[in-house]
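Structure record follows, encoded as structure tokens.
The values are calculated or read from the model by the stated rules, or taken from the named source; none is laboratory data. Just so it is clear, the model here is predicted, and its values are computed rather than measured. Glycine gets a Cβ as well: all are built from the backbone with ideal geometry, and neighbour counts include every protein chain shown. Heads up: the accessible areas ignore ligands, DNA and RNA and are worked out on the full protein's heavy atoms, side chains in. Shrake-Rupley method; radii C 1.70, N 1.55, O 1.52, S 1.80 Å.
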Amino acid sequence: METFLQQMVNGLTLGAVYALIALGYTMVYGIIQLINFAHGEIFAAGGYIGVITLSFLQSRGVLEAHPTLGLVLAFALAMVYCAFLAVALERMAYRPLRDASRLSLLLSALGMSIFFSNGMMLCQGVYDKAYPIQLYSTGQFTVGGAVVSYIQVYIFVGALILMIGLNLFVNRTRLGKAMRATAQDKVMSALLGINANRTITITFVIGSVLAAAAGVMVGLYYGSVRFDMGFIPGIKAFAAAVLGGIGNLTGAVLGGMIIGMVEVFAAGYLASEYKDVFAFIILILVLYFRPTGIMGEQVDDTRV
Amino acid sequence: MRKELVKFAVVMLWAFGLLFPMLGAQIGFETFTFEWSRLVRVMGFVAVAYGALAAQRAVSAHRKRGHRDPGPGLAERVPPLWGWGILAAVALAFPWFADNYARDVAINVLIYVALGLGLNIVVGLAGLLDLGYIAFYAVGAYTYALLNTHFGVPFWLALPIGCVISAGAGAFIGYPTLKMRGDYLAIVTLGFGEIIRIVLNNWDRVTEGPNGILGIKAPGLYYPKLTEAGLTLGHVYLKNLTCLYYIALVIAVVTIIGVYRLDHSRVGRAWVSIREDETAAELTGIDTLRMKLLAYMLGAIFAGLAGAFYAAKVRYVNPSSFVFLESALVLCIVVLGGMGSIPGIILAAAAIIVLPEVFRDLELYRMLAFGGAMTLMMVYRPEGLIPARRRRLELHAREAFAEEEGNA
């Protein structure tokens, strides 16, 4: 029972991270029907900016004095950086191909994914970069026998805040309404005066901001980042998006949580060396039996 | 002009903002230093690259009216039979004028020609994106490795078995996903490629895990031999690179002919129509699921063929030869060469295998360059280096028609 609870806690943490990445996939897919392969690399870039910020502050002696400020700065800078990266990516690789075939667009995205991950490798080296987590990983408490670290709480609460923020943005603001409209019908919304290109860019930016936050969270959780860390989580998050029903925000969060849980439980109870396989198996099973995903039916509702 | 300069400034500022933390920051263990020299060099490179692209854009805008399409590629300027004849002569004579190192590289080129053409069926003809293609190569290689080391099955017998098992794997993975739209296939195949690699890495009892399988026999040459026991089969193992080169050449040629015949068959036209518009293809009576599955399985068969040969050539397999980057490399060959274009893919395979051998110092930049080239090709020249004629007309038909109307 205790291990069960413990796995539950770990699964929720991991699931929250997958959910954040999956949101970016699902939003971009919803609006331009593109699997943004470079999304995993944006997530990794966020992790790198986090570690760069933290080690800079540490080397200047600021981090020991103000650890919370350091954390806030790391998140903020990573999110800003990835927003700029996303705009550059969309301008360079996706906008010129707006009218091209789906295959061209996918290949362009794949090229950018390879380009970014190798670029990060050349910039920051092939080895893991360690987060200065000794400052943060001290606190923990127990609930019914399961150990919950403060980091896990931060990650879960942080992800929750971002998801609520996204929900408010999409449903309550004019830009959010523009996004929903463009996702539903690009031509019609353009006729009504919505700037499609701008809306698409904003979608990319929001997805990337969430991925950047997830990158810093993963860095804090595992204690290090690597240039190719975006590859596997990227596929899993996409599996989560498909599981939830692609284009559906609530579905992406739900899918992320399920994938996180399944991975942790499978690693704990079945075979840990095969933990990466389960997400793919779920993906294939979903495509077999319910290709629209869990929330697939109410696509019109919260589709972005 | 002023507008251009402002744009240039914005791009440079943007690039600086993106590059400055990534390139400059040097993180050690609790240390942090900043390095400017690398940043300055890369910024210089960005400026030059931007200038070149801007100039290219200006030139092509200037010639727009007189500009028809990229023009007939090299393949069409050289009379086709002559071109193929010269290529065949060079390929046949090659090992007699080369050292072992060059022969080894040439064998790799031939393996990648076969892989590239096999993937071309899936990506270039049927328009399905397969990102786990190397998994079928792995299936072929491990099939031969396991059959040979455990049961002593000879290469020539393992070759068809490897193909059948690869095709089976293709059907297994293709059937559920091909019912979906094409882009789900990309991610499922990506996942499948990873599954195969993880299984190979962890299923120690069968695959020996990361250590790989040693002691695979080279292809043998069998001949009848008269001994005291009567007429038996004697054999020699063809370990030397010249023999292996010719086997690779046969595999590559079989692939070339097979893909050519498929492309110009009823099936090939069905694939193209699926690529162009699946709904329309379905309405004209094409069984799209069956055709897509066929493309996928045929692609897998050629990969299995190449894989079995690879295992026989290296006489050792381990999972690190079958990573995602290999799939990406094969895809690069197809995209750079020109989807659907056989001469283009041969050229691209040669370039992508030989260039890194020549520029050993730039090894690290290899995948960066290929990734960037893939996007650049999609944006500026989606038909590839040597475009297939059909493809070029598709991509530039509008310009050609517009011009004809203008002339009339």
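Okay, here's what the table says:
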item: Selection within the stretch B:178-199 - open to solvent by less than 10 Å² (accessible area, probe 1.4 Å) and more than 7 Å from chain A (Cβ to nearest Cβ); result: B:178, B:185, B:189
item: Selection from the stretch A:95-140 of residues that are hydroxyl-bearing (Ser, Thr, Tyr), more than 9 Å from chain B (Cβ to nearest Cβ) and out of contact with any helix residue (DSSP H, G or I) (no Cβ under 7 Å at 6 or more places or on another chain); result: A:127, A:138
item: Any chance residue B:254 is farther than 18 Å from residue B:171 by Cβ, open to solvent by 40 Å² or more (accessible area, probe 1.4 Å) and either at pLDDT 90 or above or not assigned by TED's automatic domain parsing to the domain that holds residue B:342 (or both); result: yes
item: Of all residues making up the stretch B:312-349, the number that are open to solvent by 10 Å² or more (accessible area, probe 1.4 Å), in a helix (DSSP H, G or I) and more than 18 Å from residue B:132 (Cβ to Cβ); result: 7
item: Matching residues in the stretch B:209-260 - criterion: being under 15 Å from residue B:92 (Cβ atoms) and of a type outside the set (A, V, I, L, M, F, W, C); result: B:242, B:245, B:246
item: Tally, over the stretch A:268-293, of residues that are of a type in the set (D, E, K, R), closer than 20 Å to residue A:233 by Cβ and more than 8 Å from chain B (Cβ to nearest Cβ); result: 1
item: Pairs with Cβ under 8 Å, 6+ apart, first in the stretch B:231-243 and open to solvent by less than 80 Å² (accessible area, probe 1.4 Å), second among the charged types (D, E, K, R); result: B:232/B:225; B:234/B:225; B:241/B:103; B:241/B:104; B:242/B:103
item: Of the criteria (1) open to solvent by 10 Å² or more (accessible area, probe 1.4 Å); (2) facing chain B (nearest Cβ under 9 Å); (3) hydrophobic (A, V, I, L, M, F, W, C), which one residue A:45 fails; result: (1)
item: Positions within the stretch B:200-214 being open to solvent by less than 60 Å² (accessible area, probe 1.4 Å), out of contact with any Phe, Trp or Tyr (no Cβ under 8 Å at 6 or more places or on another chain) and either without any contact (Cβ under 8 Å) to a residue 24 or more places away in the chain or not β-branched (Val, Ile, Thr) (or both), in sequence order; result: B:201
item: Residue match in the stretch A:164-181 (condition: surrounded by 15 or more Cβ atoms within 10 Å (Cβ to Cβ), touching a strand residue (DSSP E or B) at 6+ places or on another chain (Cβ under 6 Å) and free of Cβ contacts under 8 Å to residues at least 24 places away in the same chain); result: no
item: Which numbered condition residue B:354 fails, given (1) under 25 Å from residue B:55 (Cα atoms); (2) open to solvent by 40 Å² or more (accessible area, probe 1.4 Å); (3) at pLDDT 85 or above; result: (1)
item: Among residues of the stretch B:287-339, those that are modelled with pLDDT under 90 and of a type in the set (Lys, Arg), counted; result: 2
item: Residue within the stretch B:371-382 that is open to solvent by 10 Å² or more (accessible area, probe 1.4 Å), within 20 Å of residue B:105 (Cβ to Cβ) and assigned to a helix (DSSP H, G or I) present; result: no
item: Condition check for residue A:155: buried (at least 22 other Cβ atoms within 10 Å of the Cβ), facing chain B (nearest Cβ under 8 Å) and β-branched (Val, Ile, Thr); result: no
item: Tally, over the stretch B:11-55, of residues that are exposed (fewer than 14 other Cβ atoms within 10 Å of the Cβ), hydroxyl-bearing (Ser, Thr, Tyr) and within 12 Å of another protein chain (Cβ to nearest Cβ); result: 2
item: Which numbered condition residue B:391 fails, given (1) buried (at least 24 other Cβ atoms within 10 Å of the Cβ); (2) modelled with pLDDT under 85; (3) within 14 Å of chain A (Cβ to nearest Cβ); result: (1)
item: Only listed residue being modelled with pLDDT under 90 and assigned to a helix (DSSP H, G or I), chosen from A:218, A:209, A:187; result: A:187
item: Failed criterion for residue A:143 (all others in (1) without any contact (Cβ under 8 Å) to a residue 60 or more places away in the chain; (2) more than 8 Å from chain B (Cβ to nearest Cβ); (3) open to solvent by 40 Å² or more (accessible area, probe 1.4 Å) hold); result: (1)
item: Condition met for residue A:68 (free of Cβ contacts under 8 Å to residues at least 40 places away in the same chain, among the β-branched types (Val, Ile, Thr) and more than 10 Å from every other protein chain (Cβ to nearest Cβ)); result: yes
item: Tally, over the stretch A:14-34, of residues that are among the β-branched types (Val, Ile, Thr) and surrounded by fewer than 24 Cβ atoms within 10 Å (Cβ to Cβ); result: 1
item: Residue check, residue B:267 open to solvent by 70 Å² or more (accessible area, probe 1.4 Å) and outside any strand (DSSP E or B); result: no
item: Residues within the stretch B:125-177 that are within 11 Å of another protein chain (Cβ to nearest Cβ), over 19 Å from the mean Cα position of the chain (by Cα) and either part of a loop (DSSP other than H, G, I, E, B) or surrounded by fewer than 24 Cβ atoms within 10 Å (Cβ to Cβ) (or both), tallied; result: 3
item: Filtered residue count, the stretch B:1-10, keeping only those that are surrounded by fewer than 11 Cβ atoms within 10 Å (Cβ to Cβ) and either within 11 Å of chain A (Cβ to nearest Cβ) or touching a residue at least 24 places away in the same chain (Cβ under 8 Å) (or both); result: 2
item: Helices (runs of 4 or more DSSP H) contained in the stretch A:60-128 and holding at least 1 residues at pLDDT 90 or above and closer than 20 Å to residue B:27 by Cα; result: A:67-89, A:102-124
item: Selection from the stretch A:223-242 of residues that are in a helix (DSSP H, G or I), modelled with pLDDT under 90 and open to solvent by 10 Å² or more (accessible area, probe 1.4 Å); result: A:231, A:232
